[in-house]
Amino acid sequence: KHGNMPGTVEEWLATIDLSKYLNRFNTNRMGSINRVLEIWEVELTSILNIEPIGHRKRIMKSIRDLRNLQSSLDNEEKKKKVKGAGPKWFHKADDLLRGVDYAARYFGCAKVDGPESTKQAGVICQKLQGKIGAGQKVPEYRLRISAEGIEFIDKQTQKLTCKYHIEDISFVSRDKADLLVFSFISSDRKLNIKMCHVFKAHTRNQAFETCTTIAQSFEVAYQVREASKNKTKV
């Protein structure tokens, strides 16, 4: 049984008792686990200025362990993929009729333009993350996902702040640069604009499951529409 990949650099450094270096990683654009996996030993001294050799050895050993773990997890994921099999859903269709909740921090939204709007999602994810300063609080929401759409429920007040209908949601994906981050594109028919909404989950698995559940909500909504059409014909 494999261990879990740490979701953040802060979490990872805590596991090796080197949290004091967190600020150095963040200020030198090494603030994601994906970037940590790519660190060269020479960067520990040339960029991060970590002088104690014992600390450098501990960091590199941990990075090698993380690389091996990621490789094992990737291999397991490949084995699970069966040619011709449909997607693996996390919920029953009835659950999506009622709605299921996922917690996520909301980085905000930005307008996307043109027919290639989906390609802009990754750029927007990076831009909105870059606008969040160190120590700045990011609002957290419960995303209630259903066959009707996505509702934003404020975690503190428990009040509904906005809702996007399923027919107005055209795209959902995870950010390749940081797999904790995901986004979806919504359309405002009255204003004739599209907006990319960016979130950050607490774990990679949570981000994956949230995106998969949004995708499943599309299918359930389609099934509901088809069932309604058949009833009308009868």
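The values are calculated or read from the model by the stated rules, or taken from the named source; none is laboratory data. This one's a predicted model, so the numbers in the text were calculated from it and none came from an experiment. Side chains included, ligands, DNA and RNA excluded: accessible areas come from the protein's heavy atoms. Shrake-Rupley method; radii C 1.70, N 1.55, O 1.52, S 1.80 Å.
In table form, for the structure just shown:
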| item | result |
| --- | --- |
| Mean accessible surface per residue for the chain, computed with a 1.4 Å probe while every protein chain stays in place, in Å² | 62 Å² |
| Rg/Rg_globular for the chain, with Rg_globular taken as 2.2 N^0.38 Å and Rg from C-alpha atoms | 1.18 |
| Carbon + sulfur, % of accessible area of the chain - ligands and nucleic acids excluded, 1.4 Å | 51 percent |
| The stretch 127-199-the stretch 17-34 distance, computed between alpha-carbon centres (Å) | 27 Å |
| Highest-MSF residue in the chain out of Asn34, Asn75, Asn192 [GNM, Cα springs under 10 Å] | Asn192 |
| Computed helical MRE - 222 nm, the chain, DSSP H runs ≥ 4 contributing -39500 (n - 2.57), nearest 500 | -13000 deg cm²/dmol |
| Residue of Glu148, Glu167, Glu41 that the Gaussian network model of the chain assigns the largest fluctuation, springs spanning Cα pairs under 10 Å | Glu41 |
| Residue pairs, from the table Lys155/Lys190; Lys194/Lys229; Lys155/Lys200; Lys111/Lys163; Lys88/Lys229; Lys20/Lys57, whose Cα atoms sit over 25 Å apart | Lys155/Lys190; Lys194/Lys229; Lys88/Lys229 |
| D_trans [Stokes-Einstein, Kirkwood Rh over alpha-carbon pairs] for the stretch 193-234, 20 °C, 1.002 mPa s, µm² s⁻¹ | 169 µm²/s |
| Rounded tilt (10° steps) of 204-233 against the dominant C-alpha axis of the chain | 10 degrees |
| Cα pair distances of the stretch 136-234 binned at 5 Å [whole percent] | 2, 12, 19, 22, 20, 12, 6, 3, 2, 1, 0, 0 |
